[in-house]
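Asks: Let me give you the structure first, and then I'll get to my questions.
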Amino acid sequence: MNKSLLSIPILITLIVGGVAEISAEAEARELSDATLELMRKQIRRDKFDHVLPQAMRDNGVDMWIHVIRDRNPDGLASELGGQSGAFIFTDGGGDRIERAILGLTDEALWDDDTYDILIPGEEAFEGDPGWPHVVGEFVAARNPERIAVNFSGINALADGISHTDYGILIEALGEEYAGRIVSAEHVIGDFLAGIVAGQIALAGYFGLITMEVIDEEFAKIDVGVTTLAEIDGNVFVRDPDGNENNNNDYVLQPGDIITILNGAGEGLFVADLGGNGYVLREGETELPPHVQKIWSDAMDVREILRANIRIGPTAGETLELLIEKLEEAGYLYIDSDQYDPGLDPTTTQVHLDLHAQGRRDMDAPRISPLGADWQRDMRLPLFHSFTLEYMVHMPVPEWGPGKHLYIAFHDGAIVTPRGIEFPYPPDQAMRIIR
């Protein structure tokens, strides 16, 4: 984490049912390496206890073999806790999935009770990863019907086994058990999508840090001087024709709506947030009516999304429901983030990309027209953590044909048994920039 976050002075101007200027001093305490490692271990244990059994059983898998070759980085190394070996998870029908590492070379795991079985990697010859001489007997003793292995044609995170190791595994298992191998892509997808309490805590922690960072970036804007490139994050402004300036040398001007997206927690649990601000024109002392209107529409949309996302349905089913509810409320759904001039010129248009949150390379489940079908086919699990990302395009007919305002949101949210809850506050109001 950036040491500069240890003490961040914040001076922000917000609109909350009128105009209120709020000055706040906040501190974000940096978590120690020891604390972070304890968090990682507890999250790993909880995911093995609570998420993994369902991920395997929902996909009809008795055993999951995840092979990581030494010095060959794997996307699940942090979740599994080791950098090399054959990580084998076996469902024996009880409450607990058996956990084993064959060919273990990571000495840090020897004192970790997360795993039930740890067999050292004794390299018998050059290139031997240390597990082939025991894996056949190990698997045969458990006699699984379906063995999921980390290869995939759809999910890059599930496609970690090397061609060499796959060949070694097939030979070590023998014809009978090699014939029971299937892709672990869905097991891995469900395992990564499952969220436990420790991750929710981190979501809140890093979300609050992100709030402070965004407020700091808004506070340093000097209208007519500051360029978008000088502001940290994904920063953009769209003109009334939909043309976008993004992190470039564009200088913020009166009448602009600026959006700043940012995040914190890289490598542990990424929490994202967005903030919006309006630059007053000469003579303006508050938000003009059309800006008040787009903010009002955006809050209406947020409530529609909040009220209709639930655990259980697939992301695709949820998308269809949200489209229906938006249109019932008088909005027009668009499947890309571009204003459609061919639609009713008096009706606000909404685009959705409600993707998973926690790691940058795992967008699924994804409530969105974007991405692959398998991301929409995934069901929303308990405590699904996602970015409530939506974009609002509001026509302003008096400006001319096709002219419109644009505003975007990137709030962090979690689906609990009660529905949508926020581990940290979503964007609260349109900031006034003077």
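Asks: Relative contact order of region 33-193, please, whole-number percent, based on alpha carbon pairs below 8 angstrom and at least 6 residues apart.
Replies: On the way: 263 pairs, mean separation 37.7, N = 161.
With pairs under 8 Å counted, the relative contact order is 23 percent.
Asks: Next question, about the same structure. Cα-Cα pairs above 28 Å in region 33-193: how many percent? Walk me through the numbers on the way to the answer.
Replies: On the way: 1630 of 12880 pairs.
That fraction is 13 percent.
Asks: On to the next question. When only Cα pairs under 8 Å and 6 or more residues apart are kept, what is the percent relative contact order across the chain?
Replies: Here the relative contact order equals 14 percent.
Asks: Quick one: if you take sqrt(5λ) for each eigenvalue of the C-alpha gyration tensor of region 195-433, what semi-axes come out, biggest first, whole angstrom?
Replies: On the way: eigenvalues 164, 103, 42 Å².
With the √(5λ) rule applied to region 195-433, the semi-axes are 29, 23, 14 Å.
Asks: Another question about this same structure. Comparing His384, His133, His355, which has the greatest mean-square fluctuation in the GNM of the chain with Cα pairs linked when under 10 Å apart?
Replies: His133
Asks: What whole-number distance in Å separates the alpha-carbon centres of region 216-292 and region 77-102?
Replies: 46
Asks: Of the listed peptides 412-423, 205-216, what is their order by residue-averaged count of other C-beta atoms within 10 Å, with the highest listed first?
Replies: 205-216, 412-423
Asks: Summing +1 for each Lys or Arg and -1 for each Asp or Glu, what net charge is found among the other residues whose Cβ lies under 12 Å from the Cβ of Gln428?
Replies: In short, -1.
Asks: How much length would be gained if the chain were fully extended between Asp113 and Ala197, taking 0.36 nm per residue of separation minus their Cα-Cα distance, in nm to one decimal?
Replies: Computed gain between Asp113 and Ala197 is 28.3 nm.
Asks: Read through the labelled values (1) 80, 46, 38; (2) 64, 49, 44; (3) 61, 53, 51 and report the label of the one computed as Cα extents along the principal axes in Å from the structure.
Replies: Identified label for the calculated read-out: (1).
Since every read-out is calculated from the coordinates, none of them should be taken as a lab result. For clarity, every value in this text was computed on a predicted model and none was experimentally measured. Cβ sites come from the backbone with ideal geometry, for glycine too, and all protein chains shown count toward neighbours.
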